[in-house]
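None of the figures in this text is laboratory data; all of them are computed from the coordinates on show. Quick caveat: nothing in here was measured; it's all calculated off a predicted structure. Cβ placement follows ideal geometry from the backbone for every residue including glycine, while neighbour counts extend to all protein chains displayed.
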Amino acid sequence: MILHQISNNQKAIAVLIDPEKSQDESELKELIRKSTFAKIDYFFVGGSTVTREAFNKVIDFLKSNTEIPIVIFPGASHQISENADALLYLSLISGRNPDYLIGHHVMSSNEVFDMDLEVIPTGYILVDGGTQSSVAYVSQTTPIPLDKANIILSTAKAGILQGKKIIYLDAGSGAKNHVPSKVIHDVANLQIPVIVGGGIRQIDEIEELHEAGANIVVIGNKLEENIDFLLDIKEYITDTK
Ligand code: 1GP
C-alpha cells in the first residue's frame, strides 16, 4: 500500500512528470534511468492542462519501463489509469471552486470505483509561491498567502477532520518561494503525512523540508531544466539513508 509506505517513510523524494511537457520516449527513458540510479521513491504524474492521450502515454510508458511506484497527481477528472499504483484523490481545500472540491470527483467516480487502483484522499493546499501558478489560474482559486500560517494550518486541520489521509502543500510549479519549513513543521505536527512541492530547486531546501517533517518532497521544474540534478539527489539520498 502506497499510503502505508508514505506514512512510514519520513524522507522520500518524488519526481514530477507533467505529460504535457515530457512525452518524448528517449527523454523519459533517460529520466527513468537517472531516477533509478538516484533511488528516488516515486514518480508523480499529472498536470493542469494535460490531454487524456498524453497522460495515458506517459503512464503506460512508465508502467512498462520502471519498478518505481507511479502515483497520479491529477489536474482533472480524466487523469486516471489502472496502470498507476495510486491516485492522490485531491480536494483543492485552499480554494472555493466546487469543481475542484467535488465536481471532477463526481465526473470520474464510476470509473475510479471500478479500478484496481489505490485511492488516497488528499487535502491539497495551494499557497502563494510568488508567481501566478498554472493550478491557481486553471482552477480559478486564490492561493493562501505564505505568511498566513494560521490559515494554512486551519485549512489542514479542516482537511484532516474531513478524513483526508495526506496533506499536500504546494507553492505551484515554478514557484519563486517554496512552502516555508515552519509551515511544514506545524502541519506535520498534526500527525498526518505531508507532501511538499513547488519551487524546490536545491539540495539544502530538500534537506530543510525533510528535517521539518515532510514525508515526500516533490521536484518538477528543476529536473526539466537540469536532469543531472538527480546526481546531487543521489548523493543526498545516499547520505541520509
Ligand atoms: C507543483 O509540486 C509541484 O505542483 C512541483 O513544483 O515544478 O516547481 O518543482 P516544481
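A compact table of results
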{"item": "Search result, residues across the stretch 142-188 that are part of a loop (DSSP other than H, G, I, E, B) and within 16 Å of the ligand (Cβ to nearest atom)", "result": "P143, L146, A171, G172, S173, G174, A175, K176, N177, H178, V179, P180"}
{"item": "Subset of the stretch 157-178 (residues that are under 16 Å from Y100 (Cα atoms) and buried (at least 21 other Cβ atoms within 10 Å of the Cβ))", "result": "G159, K164, I167, Y168, L169, D170, G172"}
{"item": "Residue in the stretch 199-241 that is surrounded by the most Cβ atoms within 10 Å (Cβ to Cβ), counting only those that are among the charged types (D, E, K, R) and assigned to a loop (DSSP other than H, G, I, E, B)", "result": "R201"}
{"item": "Options L101, L88, L31; residue that is more than 22 Å from Y137 (Cβ to Cβ) and either touching a residue at least 40 places away in the same chain (Cβ under 8 Å) or of a type in the set (A, V, I, L, M) (or both)", "result": "L31"}
{"item": "Among (1) within 15 Å of A12 (Cβ to Cβ); (2) free of Cβ contacts under 8 Å to residues at least 40 places away in the same chain; (3) small (G, A, S) - the single one G197 does not satisfy", "result": "(2)"}
{"item": "From the options D170, D147, residue that is under 16 Å from the mean Cα position of the chain (by Cα) and among the charged types (D, E, K, R)", "result": "D170"}
{"item": "In the stretch 200-216, the residues that are in contact (Cβ under 8 Å) with a residue 60 or more places away in the chain and polar (S, T, N, Q)", "result": "N215"}
